[in-house]
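Have a look at the structure below, then the notes.
The values are calculated or read from the model by the stated rules, or taken from the named source; none is laboratory data. These numbers come from a predicted model, not from an experiment. A quick note on method: Cβ atoms are made from the backbone with ideal geometry, for glycine too, and the neighbour counts reach across all protein chains shown.
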Amino acid sequence: MQIVTLYAVTALIFLAADAVMLRTVMKPLFTKHLGDAVLDSPRLGAAVGFYLVYIAILLYFVSVPALRDGAAGQALLNGALIGIIGYGTYEMTSYAVMRDWSLEQVAADLTWGTVLTALSAWLGVLVTRAIFGG
């Protein structure tokens, strides 16, 4: 039950924060640089698939070990590393192969993905520990 709670809490934090950031910052930024190549609304199947897998990987490599070790700070640091890997791969590949991709997009999304992943992992561990007494 602890892992299910950890997944649910982490996902809720991640999704809520990302929804706000995507709507208020990222979509306008991407529209500024990519124009009408940006969809009016995302392809939900692709988005859901990404979130389900990304959060599962985050738990496997970061949150479950941090929860087991009682080391929430470990989740913050290792979450940031997973964020850099995940978002960095996307951003640097996009910048490398797409004409209209900008360094502004790279910097904003890479920073956001790193912070979002780190904070979601950290808070997920803290909340789960609080619920289960750890």
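Might you check whether a residue that is under 30 Å from W101 (Cα atoms) and at pLDDT 95 or above occurs anywhere in the stretch 67-74?
First, pick out the residues of the stretch 67-74 that are under 30 Å from W101 (Cα atoms): none.
For the stretch 67-74, residues under 30 Å from W101 (Cα atoms) and at pLDDT 95 or above: absent.
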Can you name the residue in the stretch 96-120 that is assigned to a helix (DSSP H, G or I) and of a type in the set (S, T, N, Q) and is also farthest from the chain's Cα centre (by Cα) among such residues?
Q105
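Conditions tested, residue by residue: (1) basic (K, R); (2) in contact with a Phe, Trp or Tyr (Cβ under 7 Å, 6 or more places away or on another chain); (3) at pLDDT below 95; (4) within 15 Å of I13 (Cα to Cα).
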| residue | (1), (2), (3), (4) |
| --- | --- |
| D40 | no, no, yes, no |
| G49 | no, no, no, no |
| Y87 | no, no, no, no |
| T117 | no, no, no, yes |
| V125 | no, no, no, yes |
Would you say L123 is more than 10 Å from the chain's Cα centre (by Cα), part of a helix (DSSP H, G or I) and either touching a residue at least 24 places away in the same chain (Cβ under 8 Å) or closer than 19 Å to A19 by Cα (or both)?
yes
In the stretch 1-66, which helices (runs of 4 or more DSSP H) lie fully inside it and hold 2 or more residues that are surrounded by 14 or more Cβ atoms within 10 Å (Cβ to Cβ) and under 14 Å from the mean Cα position of the chain (by Cα)?
2-21, 44-58
Boolean, D69 is among the charged types (D, E, K, R) and farther than 15 Å from L126 by Cβ:
no
Only one of (1) surrounded by fewer than 20 Cβ atoms within 10 Å (Cβ to Cβ); (2) of a type in the set (A, V, I, L, M, F, W, C); (3) closer than 21 Å to T24 by Cα does not apply to I84, and that is (3)
Would you mention how many residues in the stretch 103-134 are surrounded by fewer than 16 Cβ atoms within 10 Å (Cβ to Cβ) and charged (D, E, K, R)?
1
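Please state which one of G70, G88 is closer than 13 Å to T117 by Cβ and either small (G, A, S) or within 11 Å of the chain's Cα centre (by Cα) (or both). It would help to see each step written out before you state the result.
Details: G70 fails: closer than 13 Å to T117 by Cβ.
After applying the criteria, what remains is G88.
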